[in-house]
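Below you'll find the structure, written out as C-alpha coordinates, and then a few comments.
The values are calculated or read from the model by the stated rules, or taken from the named source; none is laboratory data. Only a predicted model underlies this, so the values are computations on that prediction, with no experimental measurement involved. In this analysis, Cβ positions are derived from the backbone assuming ideal geometry, glycine residues included, and neighbour counts consider all displayed protein chains.
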Amino acid sequence: MAAPDNEKSRLDDAARAGWLYFIAGHTQDEIAKMLQVSRASAQRLVSLCLAERLITFRLEHPIAACMELAATLKSRFDLMHCEVVPSDPASPNAAAGIAERCANLLDLTLRSETPVIVALGTGRAVRAAVERVMPIERPNHQIVSLVGNISADGSASFFDTVGRLADRTGARHYPMPLPFLMSSEDERNRMVRIEPIAKVKAIAAKADLRLVGIGQMDQKAQVHVDGFVTREELFEMMRLGAVGEVTGWAYDAKGRLIKGGTNKRLTSIPPQMPAQTTTIAAALGQAKVPAIRAALAGRLVNGLITDEATARAVLDR
(Lines give C-alpha, C1' and ligand atoms only; values in the text may rest on other atoms or scores of the structure.)
Protein backbone atom coordinates (compact mmCIF):
# COMPACT_ATOMS: atom_id res chain seq x y z
CA MET A 1 0.00 0.00 0.00
CA ALA A 2 1.45 3.37 -1.04
CA ALA A 3 2.28 5.86 1.70
CA PRO A 4 -0.09 8.86 1.85
CA ASP A 5 2.74 11.31 1.03
CA ASN A 6 3.77 9.26 -2.00
CA GLU A 7 0.18 9.14 -3.22
CA LYS A 8 -0.21 12.91 -2.75
CA SER A 9 3.03 13.54 -4.68
CA ARG A 10 1.90 11.22 -7.48
CA LEU A 11 -1.42 13.08 -7.78
CA ASP A 12 0.42 16.43 -7.71
CA ASP A 13 2.56 15.27 -10.64
CA ALA A 14 -0.52 14.02 -12.47
CA ALA A 15 -2.25 17.35 -11.93
CA ARG A 16 0.76 19.26 -13.26
CA ALA A 17 0.97 16.99 -16.29
CA GLY A 18 -2.76 17.42 -16.90
CA TRP A 19 -2.49 21.21 -16.69
CA LEU A 20 0.46 21.31 -19.09
CA TYR A 21 -1.34 19.00 -21.56
CA PHE A 22 -4.96 20.16 -21.50
CA ILE A 23 -4.64 23.85 -20.62
CA ALA A 24 -1.16 24.95 -21.71
CA GLY A 25 -1.35 22.73 -24.80
CA HIS A 26 2.04 20.99 -24.60
CA THR A 27 2.80 17.63 -26.16
CA GLN A 28 3.66 14.63 -24.02
CA ASP A 29 7.28 14.81 -25.24
CA GLU A 30 7.46 18.43 -24.05
CA ILE A 31 5.84 17.52 -20.73
CA ALA A 32 8.35 14.73 -20.22
CA LYS A 33 11.22 17.20 -20.60
CA MET A 34 9.60 19.79 -18.31
CA LEU A 35 8.89 17.25 -15.56
CA GLN A 36 12.16 15.39 -16.22
CA VAL A 37 10.48 12.01 -16.68
CA SER A 38 10.27 9.55 -19.56
CA ARG A 39 7.65 10.03 -22.27
CA ALA A 40 5.89 6.88 -21.05
CA SER A 41 5.75 8.31 -17.53
CA ALA A 42 4.37 11.58 -18.86
CA GLN A 43 1.68 9.67 -20.74
CA ARG A 44 0.77 7.71 -17.59
CA LEU A 45 0.56 10.92 -15.56
CA VAL A 46 -1.82 12.49 -18.07
CA SER A 47 -3.93 9.33 -18.06
CA LEU A 48 -3.93 9.29 -14.25
CA CYS A 49 -5.06 12.91 -14.23
CA LEU A 50 -8.09 11.90 -16.29
CA ALA A 51 -8.76 8.66 -14.41
CA GLU A 52 -8.75 10.40 -11.03
CA ARG A 53 -10.92 13.23 -12.43
CA LEU A 54 -8.35 15.81 -11.39
CA ILE A 55 -9.27 17.69 -14.54
CA THR A 56 -12.56 18.11 -16.35
CA PHE A 57 -12.86 21.33 -18.30
CA ARG A 58 -10.89 23.07 -15.58
CA LEU A 59 -8.17 21.90 -13.22
CA GLU A 60 -9.85 20.77 -10.01
CA HIS A 61 -6.86 19.37 -8.13
CA PRO A 62 -5.41 21.80 -5.57
CA ILE A 63 -1.69 21.62 -6.24
CA ALA A 64 -0.10 21.90 -2.82
CA ALA A 65 2.68 24.37 -3.67
CA CYS A 66 0.28 26.75 -5.41
CA MET A 67 -2.21 26.54 -2.57
CA GLU A 68 0.50 27.32 -0.03
CA LEU A 69 1.66 30.35 -2.04
CA ALA A 70 -1.92 31.59 -2.33
CA ALA A 71 -2.43 31.22 1.42
CA THR A 72 0.80 33.12 2.16
CA LEU A 73 -0.10 35.95 -0.20
CA LYS A 74 -3.59 36.14 1.23
CA SER A 75 -2.26 36.38 4.77
CA ARG A 76 0.61 38.79 4.08
CA PHE A 77 -1.47 41.29 2.09
CA ASP A 78 -4.82 40.68 3.83
CA LEU A 79 -6.52 39.64 0.58
CA MET A 80 -10.15 38.63 0.19
CA HIS A 81 -9.33 36.25 -2.66
CA CYS A 82 -6.12 34.72 -4.01
CA GLU A 83 -5.42 31.95 -6.51
CA VAL A 84 -2.06 30.75 -7.80
CA VAL A 85 -1.88 28.54 -10.89
CA PRO A 86 1.10 26.45 -12.04
CA SER A 87 3.67 28.27 -14.17
CA ASP A 88 4.25 27.18 -17.75
CA PRO A 89 8.06 26.69 -17.95
CA ALA A 90 8.05 27.04 -21.74
CA SER A 91 5.98 30.26 -21.76
CA PRO A 92 6.47 32.15 -18.50
CA ASN A 93 4.25 35.04 -19.64
CA ALA A 94 1.43 32.87 -21.03
CA ALA A 95 -1.89 33.93 -19.51
CA ALA A 96 -3.87 30.74 -20.20
CA GLY A 97 -3.78 29.51 -16.61
CA ILE A 98 -4.82 32.75 -14.93
CA ALA A 99 -7.42 33.40 -17.63
CA GLU A 100 -8.97 30.02 -16.84
CA ARG A 101 -9.23 30.84 -13.13
CA CYS A 102 -10.62 34.32 -13.86
CA ALA A 103 -13.21 32.72 -16.13
CA ASN A 104 -14.14 30.38 -13.31
CA LEU A 105 -14.58 33.36 -10.97
CA LEU A 106 -16.77 35.13 -13.53
CA ASP A 107 -18.78 31.94 -14.10
CA LEU A 108 -19.47 31.59 -10.37
CA THR A 109 -20.48 35.24 -10.07
CA LEU A 110 -22.70 35.27 -13.16
CA ARG A 111 -24.41 32.01 -12.26
CA SER A 112 -26.27 33.82 -9.50
CA GLU A 113 -30.00 34.26 -10.07
CA THR A 114 -29.85 37.44 -7.98
CA PRO A 115 -28.90 40.45 -10.14
CA VAL A 116 -25.20 41.26 -9.94
CA ILE A 117 -22.97 43.98 -11.35
CA VAL A 118 -19.57 43.05 -12.80
CA ALA A 119 -17.09 45.84 -13.57
CA LEU A 120 -14.24 45.11 -15.98
CA GLY A 121 -10.90 46.69 -16.67
CA THR A 122 -8.88 45.95 -19.78
CA GLY A 123 -5.86 43.86 -20.67
CA ARG A 124 -4.96 40.56 -22.24
CA ALA A 125 -5.71 38.38 -19.21
CA VAL A 126 -9.14 39.96 -18.67
CA ARG A 127 -10.02 39.60 -22.35
CA ALA A 128 -8.83 35.98 -22.39
CA ALA A 129 -10.94 35.25 -19.31
CA VAL A 130 -14.08 36.70 -20.87
CA GLU A 131 -13.55 34.52 -23.96
CA ARG A 132 -13.62 31.45 -21.68
CA VAL A 133 -16.84 32.30 -19.84
CA MET A 134 -19.57 29.74 -20.45
CA PRO A 135 -22.62 31.26 -22.21
CA ILE A 136 -25.52 31.76 -19.81
CA GLU A 137 -28.70 33.82 -20.03
CA ARG A 138 -28.66 36.41 -17.26
CA PRO A 139 -30.52 39.47 -18.61
CA ASN A 140 -30.90 40.95 -15.10
CA HIS A 141 -27.15 41.24 -14.57
CA GLN A 142 -25.17 44.36 -15.50
CA ILE A 143 -21.69 44.57 -17.03
CA VAL A 144 -19.91 47.92 -16.77
CA SER A 145 -16.57 49.22 -18.01
CA LEU A 146 -14.07 50.89 -15.70
CA VAL A 147 -12.02 52.29 -18.59
CA GLY A 148 -12.59 54.63 -21.52
CA ASN A 149 -12.90 52.46 -24.63
CA ILE A 150 -11.66 54.89 -27.29
CA SER A 151 -7.99 54.96 -28.29
CA ALA A 152 -6.00 58.08 -29.12
CA ASP A 153 -6.67 57.62 -32.86
CA GLY A 154 -10.45 57.46 -32.28
CA SER A 155 -10.76 53.71 -32.76
CA ALA A 156 -12.46 51.38 -30.29
CA SER A 157 -10.09 49.61 -27.92
CA PHE A 158 -9.25 46.04 -28.93
CA PHE A 159 -9.19 45.08 -25.25
CA ASP A 160 -12.66 46.35 -24.40
CA THR A 161 -14.40 43.32 -22.87
CA VAL A 162 -17.78 44.63 -21.72
CA GLY A 163 -19.62 44.02 -24.99
CA ARG A 164 -18.15 40.55 -25.36
CA LEU A 165 -19.23 39.46 -21.89
CA ALA A 166 -22.69 40.92 -22.50
CA ASP A 167 -22.93 38.81 -25.68
CA ARG A 168 -22.25 35.67 -23.64
CA THR A 169 -24.71 36.49 -20.87
CA GLY A 170 -27.47 38.63 -22.37
CA ALA A 171 -26.75 41.13 -19.59
CA ARG A 172 -27.23 44.87 -19.94
CA HIS A 173 -23.86 46.50 -20.52
CA TYR A 174 -22.42 49.94 -20.04
CA PRO A 175 -19.25 50.85 -21.93
CA MET A 176 -17.32 53.99 -21.01
CA PRO A 177 -17.78 56.01 -24.24
CA LEU A 178 -14.80 58.30 -23.71
CA PRO A 179 -11.20 58.49 -24.89
CA PHE A 180 -8.73 56.90 -22.48
CA LEU A 181 -7.13 60.34 -22.02
CA MET A 182 -8.58 63.79 -22.58
CA SER A 183 -6.51 66.71 -23.85
CA SER A 184 -6.61 68.57 -20.53
CA GLU A 185 -7.64 68.16 -16.91
CA ASP A 186 -10.47 70.67 -17.34
CA GLU A 187 -11.83 68.78 -20.34
CA ARG A 188 -11.69 65.52 -18.38
CA ASN A 189 -13.57 67.09 -15.48
CA ARG A 190 -16.29 68.38 -17.78
CA MET A 191 -16.71 65.10 -19.65
CA VAL A 192 -16.97 62.83 -16.59
CA ARG A 193 -19.80 65.01 -15.25
CA ILE A 194 -22.09 64.64 -18.26
CA GLU A 195 -25.18 62.57 -17.50
CA PRO A 196 -24.45 59.32 -19.46
CA ILE A 197 -20.94 59.10 -17.99
CA ALA A 198 -22.17 59.91 -14.50
CA LYS A 199 -24.66 57.02 -14.82
CA VAL A 200 -21.88 54.60 -15.82
CA LYS A 201 -19.82 55.75 -12.83
CA ALA A 202 -22.80 55.27 -10.51
CA ILE A 203 -23.33 51.70 -11.72
CA ALA A 204 -19.62 50.90 -11.37
CA ALA A 205 -19.68 52.22 -7.81
CA LYS A 206 -22.21 49.50 -6.93
CA ALA A 207 -20.30 46.64 -8.59
CA ASP A 208 -20.24 43.30 -6.81
CA LEU A 209 -16.99 42.31 -8.54
CA ARG A 210 -14.23 44.28 -10.23
CA LEU A 211 -11.82 42.33 -12.45
CA VAL A 212 -8.78 44.28 -13.60
CA GLY A 213 -5.32 43.84 -15.01
CA ILE A 214 -2.06 45.27 -13.64
CA GLY A 215 0.42 46.89 -15.99
CA GLN A 216 4.06 47.73 -15.42
CA MET A 217 5.32 51.23 -16.13
CA ASP A 218 8.51 50.75 -18.10
CA GLN A 219 9.46 51.02 -21.76
CA LYS A 220 7.28 47.95 -22.50
CA ALA A 221 4.25 49.24 -20.59
CA GLN A 222 1.03 47.98 -22.15
CA VAL A 223 -0.58 51.43 -22.03
CA HIS A 224 2.21 52.64 -24.33
CA VAL A 225 2.53 49.52 -26.52
CA ASP A 226 -1.24 49.55 -27.12
CA GLY A 227 -1.21 53.22 -28.08
CA PHE A 228 -3.00 54.79 -25.11
CA VAL A 229 -0.10 56.98 -23.97
CA THR A 230 2.82 58.42 -25.90
CA ARG A 231 6.47 57.71 -25.17
CA GLU A 232 6.83 61.20 -23.67
CA GLU A 233 3.79 60.70 -21.43
CA LEU A 234 5.10 57.34 -20.27
CA PHE A 235 8.53 58.75 -19.43
CA GLU A 236 6.92 61.62 -17.51
CA MET A 237 5.01 59.13 -15.36
CA MET A 238 8.18 57.12 -14.76
CA ARG A 239 9.98 60.31 -13.66
CA LEU A 240 7.12 60.95 -11.23
CA GLY A 241 7.78 57.53 -9.67
CA ALA A 242 5.18 55.34 -11.38
CA VAL A 243 5.88 51.60 -11.18
CA GLY A 244 2.47 50.25 -12.24
CA GLU A 245 -1.05 51.05 -13.37
CA VAL A 246 -4.54 49.70 -12.72
CA THR A 247 -7.19 50.73 -15.28
CA GLY A 248 -4.70 53.38 -16.41
CA TRP A 249 -4.23 54.94 -12.96
CA ALA A 250 -0.49 55.06 -12.33
CA TYR A 251 0.89 54.52 -8.83
CA ASP A 252 4.23 54.47 -7.06
CA ALA A 253 6.15 51.71 -5.26
CA LYS A 254 3.98 52.14 -2.15
CA GLY A 255 0.74 51.87 -4.10
CA ARG A 256 -0.06 55.59 -3.93
CA LEU A 257 -1.66 57.21 -6.97
CA ILE A 258 0.60 59.63 -8.84
CA LYS A 259 -0.77 63.17 -8.48
CA GLY A 260 0.36 64.51 -11.84
CA GLY A 261 1.00 63.43 -15.41
CA THR A 262 -1.61 61.40 -17.28
CA ASN A 263 -3.58 60.75 -14.08
CA LYS A 264 -4.88 64.34 -14.40
CA ARG A 265 -6.44 63.59 -17.80
CA LEU A 266 -7.52 59.97 -17.31
CA THR A 267 -11.22 59.16 -17.76
CA SER A 268 -11.14 55.72 -16.12
CA ILE A 269 -13.06 55.26 -12.90
CA PRO A 270 -10.56 55.73 -10.03
CA PRO A 271 -9.75 52.70 -7.89
CA GLN A 272 -11.14 52.61 -4.37
CA MET A 273 -8.42 53.28 -1.81
CA PRO A 274 -8.43 50.98 -0.02
CA ALA A 275 -10.38 48.57 -2.20
CA GLN A 276 -13.70 47.67 -0.59
CA THR A 277 -15.59 46.05 -3.44
CA THR A 278 -14.13 42.64 -4.31
CA THR A 279 -11.39 43.84 -6.69
CA ILE A 280 -9.40 41.03 -8.30
CA ALA A 281 -6.24 41.66 -10.30
CA ALA A 282 -5.16 39.16 -12.95
CA ALA A 283 -1.44 39.52 -13.69
CA LEU A 284 1.75 37.54 -14.08
CA GLY A 285 5.32 37.86 -15.29
CA GLN A 286 8.65 38.98 -13.85
CA ALA A 287 8.32 42.47 -15.37
CA LYS A 288 5.09 43.04 -13.44
CA VAL A 289 6.35 41.94 -10.03
CA PRO A 290 7.09 45.50 -8.71
CA ALA A 291 3.69 46.70 -9.99
CA ILE A 292 1.83 43.73 -8.46
CA ARG A 293 3.54 44.10 -5.10
CA ALA A 294 2.88 47.84 -4.98
CA ALA A 295 -0.81 47.36 -5.86
CA LEU A 296 -1.15 44.79 -3.07
CA ALA A 297 0.74 46.91 -0.54
CA GLY A 298 -1.30 50.00 -1.37
CA ARG A 299 -4.62 48.08 -1.21
CA LEU A 300 -5.51 49.13 -4.75
CA VAL A 301 -6.79 45.57 -5.13
CA ASN A 302 -7.88 43.05 -2.52
CA GLY A 303 -7.54 39.94 -4.64
CA LEU A 304 -4.99 38.40 -6.97
CA ILE A 305 -4.89 35.64 -9.58
CA THR A 306 -1.36 34.91 -10.72
CA ASP A 307 1.05 32.07 -11.44
CA GLU A 308 3.51 30.21 -9.25
CA ALA A 309 6.69 31.96 -10.44
CA THR A 310 5.17 35.43 -10.08
CA ALA A 311 3.77 34.62 -6.64
CA ARG A 312 7.19 33.50 -5.41
CA ALA A 313 8.83 36.64 -6.82
CA VAL A 314 6.25 38.92 -5.16
CA LEU A 315 6.83 37.21 -1.80
CA ASP A 316 10.62 37.29 -2.18
CA ARG A 317 10.86 41.06 -2.76
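If the requirement is being touching a residue at least 60 places away in the same chain (Cβ under 8 Å), within 16 Å of SER75 (Cα to Cα) and in contact with a Lys or Arg (Cβ under 7 Å, 6 or more places away or on another chain), which of these qualifies: ILE292, ILE305, ILE269?
None of the others qualify; the one that does is ILE305.
Inspect the range 111-125 for any residue being in a helix (DSSP H, G or I) and either under 14 Å from GLY213 (Cα atoms) or not assigned by TED's automatic domain parsing to the domain that holds GLU195 (or both) and give the result as yes or no.
Scanning the range 111-125 turns up at least one residue that is in a helix (DSSP H, G or I) and either under 14 Å from GLY213 (Cα atoms) or not assigned by TED's automatic domain parsing to the domain that holds GLU195 (or both).
Return a yes/no flag: does the range 302-310 have any residue that is surrounded by fewer than 17 Cβ atoms within 10 Å (Cβ to Cβ) and farther than 24 Å from SER145 by Cβ.
Scanning the range 302-310, I find no residue that is surrounded by fewer than 17 Cβ atoms within 10 Å (Cβ to Cβ) and farther than 24 Å from SER145 by Cβ, so the answer is no.
Would you mind stating whether VAL84 is more than 17 Å from ARG312 (Cβ to Cβ), assigned by TED's automatic domain parsing to the domain that holds PHE180 and among the β-branched types (Val, Ile, Thr)?
When the stated conditions are applied, VAL84 does not pass them.
For SER41, are the conditions met, namely being in contact with a helix residue (DSSP H, G or I) (Cβ under 9 Å, 6 or more places away or on another chain) and either outside the structural domain of GLY248 (by TED's automatic domain parsing) or among the polar types (S, T, N, Q) (or both)?
Against the criterion (in contact with a helix residue (DSSP H, G or I) (Cβ under 9 Å, 6 or more places away or on another chain) and either outside the structural domain of GLY248 (by TED's automatic domain parsing) or among the polar types (S, T, N, Q) (or both)), SER41 qualifies.
Yes or no: ALA207 assigned to a loop (DSSP other than H, G, I, E, B), under 22 Å from GLY303 (Cβ atoms) and in the same structural domain as ALA297 (by TED's automatic domain parsing)?
Judged against the criteria, ALA207 is a match.
So is LYS259 in contact (Cβ under 8 Å) with a residue 40 or more places away in the chain and either closer than 27 Å to THR109 by Cβ or surrounded by fewer than 20 Cβ atoms within 10 Å (Cβ to Cβ) (or both) or not?
So LYS259 does not fit the description; no.
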